[in-house]
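Below you'll find the structure, written out as structure tokens, and then a few comments.
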Amino acid sequence: MLDTELFDVLQLQLQGKRKITFLVGAGLSAESGIPTFRDVDGFWTIGSKNYTPQEMGTLQMFNVNAHQVWNWYLYRIHLCQRARPNSGHFALANIQQLIPERFALISQNVDGLHFQTPLDLSQLYLIHGDLCYMRCSANCSSELYPIPIELLARGEQPHLRTDEVKLLSCPKCGELTRPHVLWFDEYYNQKFYKLDSVLRIAKETSLLFLVGTSGATNLPKRIVDTVLAKSSVVVDINPRENEFTRQLERAKNGYWIQGKSGEALPMIEAQIRLFKSRGS
Ligand code: APR
């Protein structure tokens, strides 16, 4: 999976001082049994109509049918609660321990699986929010509240019960809360989604690993463009072609490891461990 050219690139990069950054997407959690966004057509039915995740996960849908949007998220939270991190998640935590001063993890995943590994969360940047938290839909404050534990195992139900709506009310103003996630019709910001922090990290990155992402959203594209513009190295780990494939083919420092993250990341970890043991 790691050809000699990439092996040499990795060894050279490890002798540097700048950031080695991992930008991960839903593909990292695919081997934990959590469906990705674009690989499966996970519809959600309201009445007689099917809705895609891209339709359900919007402020527009929340404004029209907040209870059904919450109903869908509580179902997804249940899926995530049942999932466990896979070898890819643990390899990332191990890599961080090998190169703590250079490591950065930018995650599009809201499934909470990073928190079930020994990862030092100070180097984790969740750019799409976190399903385990909610915040006031009336924006009375920026406070994040954990999803009430009674709702985490609720699973798929036809609608929200009155007592559940009460549990989902803002503790400060009583308005309904909303999931702390970036919706498809919303914009990145620093306050909730670490926008400025990750763009700064991209500028400091000499080696960027893309892991399990289709490149469908614009911040990952901005990060890749920033890293490539500084003639740094970008390695894409994905079993299939994606939005970045052509761009990396054209780039001098673009590479594609065609494989699953649960296999490729432990290999990357092993190479880094070997180089470190040799003092390189
Ligand atoms: N290992 C690595 N990659 C995988 C694996 C695997 N085992 N299985 C699937 N993939 C790849 C797919 O080939 C695809 O390119 O993971 C990618 C998943 O793409 P998406 O479903 O689009 O997920 P992601 O890129 O994270 O979506 C970005 O868009 O839908 C919004 O907010 C949502 O965070 C999400 C964002």
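The values are calculated or read from the model by the stated rules, or taken from the named source; none is laboratory data. This is a predicted model, so every value here is computed, not measured. Positions of Cβ are backbone-derived with ideal geometry, glycine not excepted, and every protein chain shown enters the neighbour counts. For the accessible areas, the whole protein counts, side chains as well, though only heavy atoms, and no ligand, DNA or RNA atoms are used. Shrake-Rupley method; radii C 1.70, N 1.55, O 1.52, S 1.80 Å.
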>> Just to verify a number: FRET efficiency for Asp3 and Arg82, C-beta to C-beta distance, R0 = 51 Å, to 0.05?
In response: 0.85
>> Testing the spin-label approximation: label points 7 Å from Cα along Cα→Cβ at Glu249 and Arg273. State their distance in nm.
In response: 3.5 nm
> Considering only protein heavy atoms, what is the solvent-accessible area of Trp256 at a probe of 1.4 Å, reported in Å² to the nearest 10?
Replying inline: 90 Å²
> Using modelled amide H (1.01 Å from N, peptide plane; none on Pro or chain starts), what sits under 5 Å from the amide H of Trp256, excluding residues fewer than 5 places away?
Replying inline: Asp236
>> Using a 4.7 Å cut-off between beta carbons, which cysteines in the chain end up with no partner cysteine at all?
In response: Cys80, Cys132
> Extent of segment 65-176 along each principal axis, from alpha carbon coordinates, in Å, largest to smallest?
Replying inline: 49, 29, 20
> Can you give the direction-averaged projected area of the convex hull of the alpha-carbon atoms in segment 148-193, in nm²?
Replying inline: 4.7 nm²
>> Can you list residues from other chains, or at least 5 along the same chain, whose modelled amide H is less than 5 Å from the amide H of Ser169?
In response: Thr177
> In nanometres, what is the gap between the two model label sites at Asp225 and Ile46, each 7 Å from Cα along Cα-to-Cβ?
Replying inline: 3.3 nm
> How large is log10 I(q)/I(0) at q = 0.08, 0.10, 0.15, 0.16 Å⁻¹ when the Debye formula is applied to the Cα atoms of the chain, each weighted equally and without solvent?
Replying inline: -0.35, -0.54, -1.12, -1.24
> Over segment 201-267, how many percent of alpha carbon pairs lie in each 5 Å bin up to the one with the longest distance?
Replying inline: 4, 19, 31, 26, 17, 4
> Mind checking which helices in the chain clear 20 Å along their axis (Cα) and have mean Kyte-Doolittle hydropathy of 0.5 or more, DSSP H runs only?
Replying inline: none
>> Take Leu59 and Ala216, extend 7 Å from each Cα along the Cα→Cβ direction, and tell me the distance between the two endpoints in nm.
In response: 2.1 nm
> Taking Cα centroids, how far is segment 172-242 from segment 97-135 in Å?
Replying inline: 12 Å
> Which value, in nm² and rounded to one decimal, describes the direction-averaged projected area of the C-alpha convex hull of segment 17-136?
Replying inline: 8.4 nm²
>> Starting from 0.36 nm per residue, how many nanometres of slack lie between Leu121 and Asp185 once their C-alpha separation is accounted for?
In response: 20.3 nm
> Excluding same-chain residues fewer than 8 positions from Lys203, which lysines have a Cα within less than 30 Å of its Cα?
Replying inline: Lys17, Lys19, Lys191, Lys194, Lys221, Lys230, Lys252, Lys260, Lys276
